[in-house]
Amino acid sequence: MGIISILCCPECYATGLKLAEDSKEGLCSNLCVACSCGFMTGFTSTPKENKKFSLNTLLVFGLRLIGRGFTAGKKLLCTLNLPCISKNTFRAHELKLLEAVQLCSEENMKAASKEVQNFKKKYNLWCFGRWLMAAERPYVT
Ligand SMILES: [Zn+2]
């Protein structure tokens, strides 16, 4: 007896709700709880971000961190007897991660640039292609 079958329906208060899997995408599922009175509600097995399951994104992220790709992920999931994600889904998550990495790297470069500017102002440094310590001294050619 599953936990769902002992829960009450919010419409008719009867027990015996049924849990069904509507669809599956990689490690995640869209689930549905239904009652014989017609009540039905859906939910996902893991949270979604931008219409993509975050668990699948984390799987792709983890694989890319260790330098592995789709085939290694497929072998891992098959070994663990878990459902595989399609190559298209894998690629979609890779592109999502690429966007995040690009945004992050741009923000880091802006922050680094600002830090260098502040450092130069604070210590009165001059930069002419390479760093010169020129405190209180103008550059003379
Ligand atoms: Zn009901």
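Roughly how many debye, to the nearest 20, is the charge dipole of region 35-96 about its Cα centre, given +1 on each Lys and Arg Cβ, -1 on each Asp and Glu Cβ, and no other charges?
Values: 10 positive and 2 negative charges, 52 e Å.
So the magnitude is around 240 debye.
Taken about its Cα centre, region 1-75 carries a charge dipole of roughly 540 debye when the Cβ of each Lys and Arg holds +1 and the Cβ of each Asp and Glu holds -1.
For an R0 of 25 angstrom, estimate the FRET efficiency from the Cβ-Cβ distance between Ala14 and Phe43 and round to the nearest 0.05.
Calculated transfer efficiency: 0.80.
Electrostatic bookkeeping for Asn30 treats Lys and Arg as +1 and Asp and Glu as -1; over the other residues with beta carbon under 9 Å from its beta carbon, the sum is -2. If you bin the C-alpha pair distances of region 1-62 every 5 Å from 0, what whole percents do you get? Spelled out bin by bin, region 1-62 gives 4, 18, 22, 18, 13, 12, 8, 3, 1 percent.
Could you pull out the longest piece of the chain with no exposed loop trypsin sites (Lys or Arg not before Pro) in it, calling a site exposed if DSSP puts it outside H, G, I, E, B and it has at most 15 other Cβ atoms within 10 Å? Let's see the in-between values first.
Values: sites that count: Lys51, Arg68, Arg130.
Between exposed loop sites, the widest span is 69-129.
Averaging over all projection directions, the Cα-based convex hull of the chain occupies 15.3 nm² in the image plane.
With q set to 0.14, 0.28 Å⁻¹, the log10 of I(q)/I(0) for region 22-90, from the Debye formula over equal scatterers at the Cα positions, is -0.48, -1.28. Dipole magnitude for the chain: about 720 debye, using +1 per Lys or Arg Cβ and -1 per Asp or Glu Cβ, origin at the Cα centre. Restricting attention to the chain, lysine pairs at least eight places apart or on different chains and with alpha-carbon atoms under 14 angstrom apart total 9. Over region 35-91, Cα pairs under 8 Å with separation of 6+ residues give a relative contact order of 20 percent.
Since every read-out is calculated from the coordinates, none of them should be taken as a lab result. Owing to the predicted nature of the structure, the values given are computational and were not obtained by experimental measurement. Cβ sites come from the backbone with ideal geometry, for glycine too, and all protein chains shown count toward neighbours.
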